[in-house]
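What follows is a short report on a single structure.
The values are calculated or read from the model by the stated rules, or taken from the named source; none is laboratory data. These numbers come from a predicted model, not from an experiment. Reconstructed Cβ throughout: ideal geometry from the backbone, glycine too, with neighbour counts over all protein chains shown.
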Amino acid sequence: MITLEEARGFVLPAFSALAPRQVAIGAALGCVLAEEVMANEPIPPFANSAMDGYALRAEDTAAAPSRLAVVGSVMAGEHSGVAVGTGEAVRIMTGAPLPPGADAVCMIERTRTQDDATVVVEVAVDAGANVRYPGEDIASGETVFGAGTSLSPGHVGVLAALGMETVLVHPRPLVGVLSTGDELVEGGAALPPGKIRDSNRHALLAQVRQSNFEAVDLGIVRDDAHELAKAFERGAARCDALVTTGGVSVGDLDMVKVVLDKLSGGSMRWMQVAVKPGKPLAFGTLAASGTPVLGLPGNPVSALVSFELFARPALRRMAGQRRLGRPVLAGVAEVDLRRPSDGKLHLVRAIATADASGTVLVRPSGRQKSHMLRAMAEANCLALLPDGEGVAAGGHVALWLLDADRLAPESEGCDAPDGVS
Ligand code: AMP
Ligand code: MG
């Protein structure tokens, strides 16, 4: 057996960021910038009002209350030429350009109107009050985001605000997923004797999509050397990486091994990793195309956990991401998390719940055998139990968070933390 670190040390370096490509900003969410983004214009683009109110000259309001002559109005989207002179004001809406001569805006709630032509400003207004200055968020010529930035909705908003229609990013890797095994069938028809439904392929395709990669369904492939070779070659022609399940265990006589050994020119490494679940793992690159192939175990939980441990971080490298792993949280065991000592790191499918104080409580999400997919479905994290006896209730347990949304307790509304709101 090799350690998780050793296995990752073998797999990860074989994956590198895909060649950059221009993509529409609407398709760039979650992608990684392959260029610095420079601002060619300032944001905001011009001085404008942060409030509905009156644009005025601050010095005219020093002896509040003050009576000003209303000489015009300006709405958002307009460009009124009306200037504000001494003793004058212009009615202004949020986002409208500040009229020439004005240096401040008084919010409407601090004013009274007597007639259409006059406004009484009840308070002294500081120069610059409620004015948004050009470039105060982003100055023209500034470097806004560095290469390597993973684009959030906020980033997409900034790109749009700068007038960028496309952006240079590392594209999402195209990941082909195939299942191997003569026992596998597709669809809802009655199961023939001895057959099982292919769940791994669908679950792995879902993991691929959830990770913001492009999923390519390569179907079920029989344990047949010719069919397998064809499937890998066809997959390699279309995809940046291939993920296969089944036929990688020690005892397996499957053709998967024979075929991958041949197609990889002997580079395929068949590993036993000191983790549970997910001990068997195969990795190599196809000799003809250089396409990396990850062979994940067939047991459904093992397949999904192996994807988490190896495929996801490796494919994130292809996507240009700099954060490869899941965040580690410190949790408190809600119940005893016992395990026998066996030289492996145990990854317990678990439910982590953050209480109102932010404490993360951890309990198993169900039965833990590697064919029992239900607990994987219910889990929002993998609790990490290093080799040893495990942890007693109340003890500390580290976990990899898989689904931050499911860390929140279920409730009708959105609860603020204790002492907030
Ligand atoms: P293997 O790794 O091929 O020896 O398979 C280990 C176990 O996982 C066996 O019980 C297989 O029937 C099961 N298995 C393999 N592939 C799949 C799949 N795609 N979906 C569900 N179960 C599978
Ligand atoms: Mg098999």
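Counting only residues that are more than 16 Å from ligand 1 (Cβ to nearest atom) and either in contact with a Leu (Cβ under 6 Å, 6 or more places away or on another chain) or part of a loop (DSSP other than H, G, I, E, B) (or both), how many does the range 298-316 have?
Qualifying residue count for the region: 3.
Among the residues that make up the range 376-389, is at least one of them within 16 Å of ligand 1 (Cβ to nearest atom), without any contact (Cβ under 8 Å) to a residue 60 or more places away in the chain and not β-branched (Val, Ile, Thr)?
yes
Given the options Ser357, Ser341, Ser370, Ser289, name the one that is outside any strand (DSSP E or B), within 16 Å of ligand 1 (Cβ to nearest atom) and polar (S, T, N, Q).
Result of the check over Ser357, Ser341, Ser370, Ser289: Ser370.
For the range 153-185, which residues satisfy the criterion of being more than 16 Å from ligand 2 (Cβ to nearest atom), farther than 17 Å from Ile43 by Cβ and not β-branched (Val, Ile, Thr)?
Leu168, His170, Pro171, Arg172, Pro173, Leu174, Gly176 - these are the residues of the range 153-185 that are more than 16 Å from ligand 2 (Cβ to nearest atom), farther than 17 Å from Ile43 by Cβ and not β-branched (Val, Ile, Thr).
Need pairs with beta-carbon distance below 8 Å; first residue within 18 Å of Arg269 (Cα to Cα) and among the hydrophobic types (A, V, I, L, M, F, W, C) and within the range 296-307, second within 8 Å of ligand 1 (Cβ to nearest atom) and not in a helix (DSSP H, G or I); sequence gap 6+ or separate chains.
Leu296/Thr245; Leu296/Val248; Ala303/Thr245; Ala303/Pro297
Of these, Val348, Val332, Val328, which one is of a type outside the set (Asp, Glu), out of contact with any Lys or Arg (no Cβ under 9 Å at 6 or more places or on another chain) and over 18 Å from Arg8 (Cα atoms)?
Val332
From Met268, Met255, grab the single residue that is touching a Gly at 6+ places or on another chain (Cβ under 6 Å) and surrounded by 17 or more Cβ atoms within 10 Å (Cβ to Cβ).
After applying the criteria, what remains is Met268.
Looking at the range 271-286, which of the residues that are hydrophobic (A, V, I, L, M, F, W, C) and away from ligand 1 (no atom under 16 Å from the Cβ) is surrounded by the most Cβ atoms within 10 Å (Cβ to Cβ)?
Leu286
Hey, could you check the range 287-304 for residues that are surrounded by fewer than 24 Cβ atoms within 10 Å (Cβ to Cβ) and of a type outside the set (A, V, I, L, M, F, W, C) and say which is farthest from Val348 (Cα to Cα)?
Ser289
Can you tell me which residue is surrounded by the most Cβ atoms within 10 Å (Cβ to Cβ) among those in the range 226-246 that are farther than 14 Å from Ser264 by Cβ and either within 16 Å of ligand 1 (Cβ to nearest atom) or aliphatic (A, V, I, L, M) (or both)?
For the range 226-246, the residue satisfying everything is Val243.
Among the residues of the range 250-258, are any out of contact with any helix residue (DSSP H, G or I) (no Cβ under 9 Å at 6 or more places or on another chain) and more than 13 Å from ligand 1 (Cβ to nearest atom)?
No: the range 250-258 contains no residue that is out of contact with any helix residue (DSSP H, G or I) (no Cβ under 9 Å at 6 or more places or on another chain) and more than 13 Å from ligand 1 (Cβ to nearest atom).
Within 16 Å of ligand 1 (Cβ to nearest atom) and out of contact with any Asp or Glu (no Cβ under 8 Å at 6 or more places or on another chain) - does that describe any residue in the range 153-161?
Among the residues of the range 153-161, not one is within 16 Å of ligand 1 (Cβ to nearest atom) and out of contact with any Asp or Glu (no Cβ under 8 Å at 6 or more places or on another chain), which makes the answer no.
Consider Ala282 against the criteria (1) in a strand (DSSP E or B); (2) more than 16 Å from ligand 2 (Cβ to nearest atom); (3) not charged (D, E, K, R): it satisfies all of them except one. Which criterion is unmet?
All conditions pass for Ala282, except number (2).
Taking the criterion of being farther than 30 Å from Leu178 by Cα and either β-branched (Val, Ile, Thr) or buried (at least 20 other Cβ atoms within 10 Å of the Cβ) (or both), would at least one residue in the range 364-374 satisfy it?
No: the range 364-374 contains no residue that is farther than 30 Å from Leu178 by Cα and either β-branched (Val, Ile, Thr) or buried (at least 20 other Cβ atoms within 10 Å of the Cβ) (or both).
Is there a residue in the range 135-148 that is in a strand (DSSP E or B), within 16 Å of ligand 2 (Cβ to nearest atom) and surrounded by 15 or more Cβ atoms within 10 Å (Cβ to Cβ)?
no
Residues in the range 348-361: is at least one modelled with pLDDT under 95, among the small types (Gly, Ala, Ser) and surrounded by 12 or more Cβ atoms within 10 Å (Cβ to Cβ)?
Yes, some residue in the range 348-361 is modelled with pLDDT under 95, among the small types (Gly, Ala, Ser) and surrounded by 12 or more Cβ atoms within 10 Å (Cβ to Cβ).
Scanning the range 248-270 for residues that are part of a loop (DSSP other than H, G, I, E, B) and within 33 Å of the chain's Cα centre (by Cα), which turns out modelled with the lowest pLDDT?
Checking each candidate, the answer is Ser249.
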